[in-house]
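Worksheet: the structure to be examined is printed underneath.
The values are calculated or read from the model by the stated rules, or taken from the named source; none is laboratory data. Remember, predicted model here, so these are calculated numbers, not experimental data. We place every Cβ from the backbone using ideal geometry, glycine too, and count neighbours over all the protein chains shown. Areas reflect the complete protein model, heavy atoms only, side chains present, ligands, DNA and RNA absent. Shrake-Rupley method; radii C 1.70, N 1.55, O 1.52, S 1.80 Å.
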Amino acid sequence: MATKKAEAQVTRVSGLNAATLKPQTSITIAVDTAYVAAQQGQNVSKGIYMMDNKVHSGSTGEGTLELSTVTNVGSLIGFNVVPIDILGSFGDEVVITGFQVSNGSVFTAAGAPKMQPALPGEPAGAYWIGQALHQGSQTYQIQIKVTVGQLQPISYFINWDPFITAK
């Protein structure tokens, strides 16, 4: 019995993962996969809807590609991307493939978003966590991969530049 208790304590303190990290700021990106496919991944200026839980802190641009998130220095920021594809019946998949800083240094190298273990029912790469380590504003680029179709899946890579401000 004592051994199981010790194992549980070691498990709890060794290695943080998505289950133990609790972002204070949550950003969800919903992607209309049918629209992206119809555009063949080119000139996608709508059909991607970014939302966060920080409207009360001054975030703007909800429901657009131009989300401007306002958060606190030190906050963990969760990024989750999900497909909009008729309740998942088409099997479309959306994952984040990376982040790049265009301007500013809110994340810094130490707080750059990192891929986390998949959330239940989601593919690997759909959930990332970063941290706002420096006060100021930043433009960052996010890249996603949208895969549509089941018999012969086709993937499209899309990127855009949202904003984040840490106070």
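Pairs meeting the criteria (first residue in region 155-167 and without any contact (Cβ under 8 Å) to a residue 12 or more places away in the chain, second residue of a type in the set (Ser, Thr, Tyr), beta carbons under 7 Å, at least 6 apart or on different chains) are Ser155/Thr147. Going by the structure shown, is Glu66 among the acidic types (Asp, Glu), under 19 Å from Ala30 (Cα atoms), at pLDDT 95 or above and not in a strand (DSSP E or B)? Here the answer is no, as Glu66 does not meet what is asked. In region 117-146, the residue that is farthest from Pro23 (Cα to Cα) out of those that are under 10 Å from the mean Cα position of the chain (by Cα) and part of a loop (DSSP other than H, G, I, E, B) is Gly125. Considering the conditions (1) part of a loop (DSSP other than H, G, I, E, B); (2) open to solvent by 40 Å² or more (accessible area, probe 1.4 Å); (3) aliphatic (A, V, I, L, M), Ala110 is excluded by exactly one of them, (1).
Restricting attention to region 116-140, the residues that are more than 24 Å from Glu66 (Cβ to Cβ), surrounded by 14 or more Cβ atoms within 10 Å (Cβ to Cβ) and of a type outside the set (S, T, N, Q) add up to 4. Scanning region 52-72 for residues that are open to solvent by less than 70 Å² (accessible area, probe 1.4 Å) and touching a Leu at 6+ places or on another chain (Cβ under 9 Å) returns Asp52, Ser59, Gly61.
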